[in-house]
Amino acid sequence: MTDCLFCKIAAKQIPSGIVYEDDDMLCFKDIHPAAPVHLLLIPKTHFDSLAHAQPQHQELLGKMMLRVPQIAQQAGLSHGFKTQINTGKGGGQEVFHLHIHILGNPQ
Ligand code: 5GP
Ligand code: ZN
């Protein structure tokens with residue numbers, strides 16, 4: 001049993017406002033939104049951060065990046081959005097399961 005919060009969210013052991021899911025990734029609403037739309041996109045497989053990504057994660061990371069604008073569009077961010085990946089304590093990372101923040105104001 002993992003102690004990772006986002007692994008528990010991916011396993012649906014902790015409820016979250018899921019907005020997108022496929023075999024590889026899950027996107028859900030940030031519990032403390034820093035913008036009117038604030039989503040987190042995570043891989044279902046665990047790795048701690050971008051600094052822990054391995055060559056075998058290359059395809060997964062590519063899929064996630066290509067999915068971001070589609071999720072943003074669906075969330076109403078058709079005029080643009082911000083993405084953020086915090087890496088390590090010095091980078092402001094608090095949850096050590098890689099995640100991409102997607103932020104913006106729907107029009
Ligand atoms: P980090 O600082 O690690 O880049 O971002 C972690 C994010 O996870 C924060 O924006 C925080 O609000 C969010 N978060 C922390 N715990 C939970 C939770 O239990 N559920 C959801 N949906 N978001 C969470
Ligand atoms: Zn995890």
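Each value in this text was obtained by applying a stated rule to the coordinates, not by laboratory testing. Quick caveat: nothing in here was measured; it's all calculated off a predicted structure. Methodologically, a virtual Cβ is constructed for each residue, glycine included, from the backbone with ideal geometry; neighbour enumeration extends over all protein chains shown.
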Exercise for the section: Compute the Rg to Rh ratio over segment 59-99 from the alpha carbon atoms, using the Kirkwood formula for Rh, and round to two decimal places. Expected result: 1.05
Exercise for the section: Lys and Arg at +1, Asp and Glu at -1: add these up for the other residues within a Cβ distance under 13 Å of HIS97 and post the number. Expected result: -1
Fill in the blank from the handout: With label points set 7 Å from each Cα along the Cα-to-Cβ direction at THR45 and GLN73, the distance between them in nm comes to 2.7
Problem - Sorted by Cβ neighbour density within 10 Å, fewest at the top, the residues GLU21, GLU59, GLU94 - result: GLU94, GLU59, GLU21
Practice task
Pop the C-beta distance of ILE14 and GLN58 into the FRET formula with R0 = 30 Å and round what comes out to the nearest 0.05.
Solution key: 0.55
Exercise for the section: Only helical DSSP H runs with n ≥ 4 go in: add -39500 (n - 2.57) per run for the chain, normalise by residue count and round the 222 nm mean residue ellipticity to 500 deg cm²/dmol. Expected result: -6500 deg cm²/dmol
Fill in the blank from the handout: Farthest towards the positive end of the dipole of the chain, among LEU77, GLN54, HIS97 and with Cβ unit charges of +1 on Lys and Arg and -1 on Asp and Glu, lies the Cα of LEU77
Handout entry: Reachable lysines from LYS82, criterion Cα separation under 16 angstrom, eight or more residues apart if same chain
Key = LYS29
Exercise for the section: Compute the separation of the alpha-carbon centres of segment 1-32 and segment 56-107 and state it in Å as a whole number. Expected result: 14
Fill in the blank from the handout: Computed about the Cα centre, the charge dipole of the chain from +1 Lys/Arg and -1 Asp/Glu charges at the Cβ has a magnitude in debye, to the nearest 20, of 180
Exercise for the section: Neighbouring Cβ atoms within 10 Å as the yardstick, rank LYS89, LYS63 fewest first. Expected result: LYS89, LYS63
Problem - the chain: Cys lacking any partner C-beta under 4.7 angstrom - result: CYS27
Completion exercise
Looking only at aspartates and glutamates whose Cα falls under 16 Å of LYS63's and that sit 8 or more positions away or on another chain, we get GLU21, ASP22, ASP23, ASP24
Handout entry: Volume in Å³ per residue [convex hull over Cα atoms, computed for the chain]
Key = 101
